[in-house]
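The values are calculated or read from the model by the stated rules, or taken from the named source; none is laboratory data. Since we're looking at a predicted model, the values are computed, not measured. So basically every Cβ, Gly included, is an ideal-geometry build from the backbone, and we count neighbours across all protein chains shown.
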Amino acid sequence: MVWTTSDRAQRLPPDWEQRKVVVKRRARGRCQATTHARGCTGRGTQVDHIHAGDDHGLHNLQLLSEPCHKAKNAEEAAERNRARAQMRRRPPEAHPGQLTNSDDTTSERRRDA
Ligand SMILES: [Zn+2]
């Protein structure tokens, strides 16, 4: 997804490179994932936001291996998609004007909801 990288790069703090160094040093170069993805060597190479978003504080940063970082991002994306699908599944609100119209198609739709 191109928008993620371009957007994210602009929102990173000016001392981001410095923070990455601190996070890597703090992790002693190890992958800090709670559960490691297949292919993880245990060596951290990428700085990850523990909770996705714009919190770039050191408490919200961890060092991950590439496989673990990918797995976490995929999981977060799946979570967003699930939430979005949940929104879509909700039937559209009937226009107030339609409520006075008591034809069968309207009541049919309302029984499904
Ligand atoms: Zn790992």
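Of note:
- For segment 61-89, taking the residues that are crowded, with 17+ Cβ neighbours inside 10 Å and of a type in the set (Gly, Ala, Ser), the one that is farthest from the ligand (Cβ to nearest atom) is identified as ALA71.
- Some residue of segment 44-60 being of a type in the set (A, V, I, L, M, F, W, C) and within 8 Å of the ligand (Cβ to nearest atom): no
- Qualifying residue in segment 31-44 (condition: modelled with pLDDT of 95 or more and charged (D, E, K, R)): yes
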